[in-house]
Amino acid sequence: MAVQSDVIDDAGPYDRAKALSAFKLGDVTFYWITRLSAISVLLILGGIILSLIVGAFPAIREYGLSFLWTQRWAPSADPPVLGALGPMYGTLVTSFIAMLIAIPVGLGIAIFLTELCPQWARRPIGMAVELLAGIPSIIYGMWGFFVLGPFLANTFQPFMIKVFDGVPVLGAIFAGPPSYLSLFNAALILAIMVLPFITSISVDVFKTVPPVLKEAAYGVGCTTWEVVRSVVIPYTRVGIIGGVMLALGRALGETMAVTFIIGNSFRIQSSIFAPGTTISAAIASEFAESDGLHQSGLILLGLLLFVLTFFVLAAARLMLLRLEKKAGK
């Protein structure tokens, strides 16, 4: 079929310029949409920080640094006496115990799913673990209050109190009396809640290990435990630490489940079976009825939790960078 060349010559430059202009407009639009999205994150973060500082300023001006090491919390006193030591202690202790339980259990589940589990059982077990992440935190709190708390108070806690009675240090940590509401109960609930984060991320990073490395280890006579210890975990340690830190951030900020079962006591006690409170639980239980200096003190607690979480995640990021740099060398 013959086509007139003069028509092509006339239409070609015009169509090319129009197409290039359309492409350029699309690129510019895409660039600004993505740039504004990134900037909006910084603006939202800055707005949150600014609002916390403004809200907490009356408490900062009134109590200063003494707010950090004051244990008493008496908002009804005249003048109010507010201190963050109790909530900070409860936050750190419950998160530490939760991670102490969740890390070995989560890694054990991940190793079983990737190395030992029969093929037909991997999917059901993996889905069951992932479903734990979808359960609302208030359901965990109710289950802890009505089921787990009484069970621990009637069975596990008396046993531990009897075993460690009279033992230096451990006797104080596991001292009685048994309680439905305690730091340990809250930590156990937190451990169950963060378990899916550690397990899911660990399973994903374990799958990235090249099969040839594991086959080579098995070929020289290594057992499954030796392959996991010497090949799988060293190869994926950066991803494992990332998952653990993500779970730790979740544990530090959990609110409703902890509020149900921790006891909301600002008093610091050596026993993990004693009631306590966390920063998020204190804010959730008192903020609706607070005003004035009391409300400002609660906002200051929120600011402290924000700073604590930021430093934990920053330390985790620094650790990951150092590990990556060491691995690169």
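The values are calculated or read from the model by the stated rules, or taken from the named source; none is laboratory data. The model shown is predicted, which means the values in this text are computed figures rather than measured ones. Cβ coordinates were reconstructed from backbone atoms using ideal geometry, including for glycine residues, and neighbour counts include every protein chain displayed. Remember, those area values only see protein heavy atoms, side chains included, never the ligands or the DNA or RNA. Shrake-Rupley method; radii C 1.70, N 1.55, O 1.52, S 1.80 Å.
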Q) Take the residues of region 305-314 that are surrounded by 12 or more Cβ atoms within 10 Å (Cβ to Cβ) and out of contact with any helix residue (DSSP H, G or I) (no Cβ under 8 Å at 6 or more places or on another chain): which is farthest from Met245 (Cα to Cα)? A) Val307
Q | Ser179 in a helix (DSSP H, G or I), of a type in the set (Ser, Thr, Tyr) and either touching a Ser or Thr at 6+ places or on another chain (Cβ under 9 Å) or within 21 Å of Phe260 (Cα to Cα) (or both) | A | no
Q) On the given criteria, is Val209 assigned to a helix (DSSP H, G or I) and either over 13 Å from Leu113 (Cβ atoms) or not aromatic (Phe, Trp, Tyr) (or both)? A) no
Q. How many residues does region 204-230 hold that are open to solvent by less than 40 Å² (accessible area, probe 1.4 Å) and more than 25 Å from Val244 (Cα to Cα)?
A. 1
Q | Test: Gly106 is surrounded by 19 or more Cβ atoms within 10 Å (Cβ to Cβ) and either touching a Leu at 6+ places or on another chain (Cβ under 6 Å) or among the aromatic types (Phe, Trp, Tyr) (or both) | A | yes
Q: List the helices (runs of 4 or more DSSP H) that sit entirely inside region 76-159 and contain at least 2 residues that are over 28 Å from Pro210 (Cα atoms) and touching a Ser or Thr at 6+ places or on another chain (Cβ under 8 Å).
A: 85-111, 137-143
(Q) Considering only residues that are in contact (Cβ under 8 Å) with a residue 24 or more places away in the chain, over 21 Å from Ser265 (Cβ atoms) and open to solvent by 40 Å² or more (accessible area, probe 1.4 Å), which ones fall in region 155-198? (A) Ile192, Phe197
Q) Taking the stated definitions as given, is Leu85 of a type outside the set (Phe, Trp, Tyr), modelled with pLDDT of 90 or more and open to solvent by 40 Å² or more (accessible area, probe 1.4 Å)? A) yes
Q.
Is it the case, given these coordinates, that Phe273 is open to solvent by less than 40 Å² (accessible area, probe 1.4 Å) and under 21 Å from Phe67 (Cα atoms)?
A. no
Q) Is it true that Gln119 is open to solvent by 50 Å² or more (accessible area, probe 1.4 Å), more than 25 Å from the chain's Cα centre (by Cα) and under 30 Å from Val205 (Cβ atoms)? A) yes
(Q) Here's a check for you: in region 277-292, which residue that is of a type in the set (A, V, I, L, M, F, W, C) and touching a residue at least 12 places away in the same chain (Cβ under 8 Å) is surrounded by the fewest Cβ atoms within 10 Å (Cβ to Cβ)? (A) Ala284
(Q) For region 293-329, which positions are over 19 Å from Ser95 (Cα atoms), free of Cβ contacts under 8 Å to residues at least 24 places away in the same chain and not aliphatic (A, V, I, L, M)? (A) Arg322, Lys325, Lys326, Gly328, Lys329
Q. Taking region 42-65 as the region of interest, how many residues are free of Cβ contacts under 8 Å to residues at least 60 places away in the same chain, among the aliphatic types (A, V, I, L, M) and part of a helix (DSSP H, G or I)?
A. 6
